[in-house]
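Visitor: One structure coming up, written as structure tokens, with questions to follow.
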Amino acid sequence: MMYMYIDAMYTKFMTGQQGVPVTGLVWRLSMRWRSAIDRAITPLGLTNAQYSVLAPLLGLERSGRRPSQRQLAGVTGLEPLYVSKLARGLEQAGLIERTGHPDDSRAVQLTLTDRGRDLTTRATERVCELQDELTAPLGGLDSPATQNLISSLHTLLGSGPSPTRTGAGQ
């Protein structure tokens, strides 16, 4: 059934002047950019999923916050259970520490270790450089076209801009 729906959508769009539907374009772009990020951070021993947790955690720490796993899930847009699973693996790798939350005995607070902070900083530098390359066709990261794209993406995601800019490619 789903295949017939997707086929009908593509047939509708491909036979008209519109080309690939917006969902297909967003998917293609996200896969292309995700692959580029993977190539940039894999030599550091990180996966895209790990980076999607570490980079926002670094940004939050730089702003003086020590989030719980649930708070970090809210910032990243990932499911809390998935953040918990990633956090356990990152803890085993010596990149983060998971401790009890001082205000909520049920919550787990996350902090980067020195090694995790160093590795995440290097990964973030690579991703920031990559963002400049990826947005070059629009005039670069600070161009009006790129800023309009960012604003549109926030609108589509139903959220405002992130409180910290860490270079996370999410």
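Only the coordinates and a few stated rules stand behind these numbers; no lab work does. For clarity, every value in this text was computed on a predicted model and none was experimentally measured. Using ideal geometry, Cβ is built from the backbone for each residue, glycine included, and neighbour counts are taken over all protein chains shown.
Visitor: Please list, in chain and number order, the residues 5+ apart from residue 98 or on another chain whose amide H is under 5 Å from its amide H, with Hs placed from the backbone.
Guide: Sorted by chain and number, the residues that satisfy this come to none at all.
Visitor: Also, I was wondering about something else. With θ set to phi - 60°, apply the Karplus curve 6.51 cos²θ - 1.76 cosθ + 1.60 along segment 122-130 and write out the HN-Hα couplings as whole Hz, x wherever there is a Gly or Pro.
Guide: 5, 5, 5, 4, 5, 5, 4, 4, 5
Visitor: Across segment 90-97, in residue order, what do the Karplus-derived ³J(HN,Hα) couplings come to in whole Hz, using 6.51 cos²θ - 1.76 cosθ + 1.60 with θ = phi - 60° and x for Gly and Pro?
Guide: These are the phi-based 3J(HN,Hα) values: 5, 5, 4, 7, x, 9, 9, 10 Hz.
Visitor: Could you give the length gained on full extension between residue 142 and residue 107, defined as 0.36 nm per residue of separation minus the Cα-Cα distance, in nm?
Guide: Computed gain between residue 142 and residue 107 is 8.8 nm.
Visitor: Next question, about the same structure. Would you please calculate the Kirkwood hydrodynamic radius of segment 82-121 over all C-alpha pairs and express it in Å, rounded to one decimal?
Guide: For segment 82-121, inverting the mean 1/r across all distinct Cα pairs yields 10.5 Å.
Visitor: Looking at the square roots a ≥ b ≥ c of the eigenvalues of the Cα gyration tensor of segment 106-150, which shape do they give, rounded for a/c under 1.5, prolate if a/b is larger than b/c, or oblate?
Guide: oblate
Visitor: Which residues among segment 19-34 fall inside the zone where the amide N is under 13 Å from a point 7 Å beyond the Cα of residue 149, along Cα→Cβ?
Guide: Under cut-off, by backbone N: 26-34.
Visitor: Let me ask another. What FRET efficiency, computed as 1/(1 + (r/R0)^6) with R0 = 30 Å and r the Cβ-Cβ distance, is obtained for residue 85 and residue 23, rounded to the nearest 0.05?
Guide: So the FRET efficiency works out to roughly 0.60.
Visitor: I need the shape label for segment 71-146. Rule: rounded when a/c is under 1.5, else prolate if a/b > b/c, else oblate, with a, b, c from the alpha carbon gyration tensor.
Guide: Here segment 71-146 falls in the prolate category.
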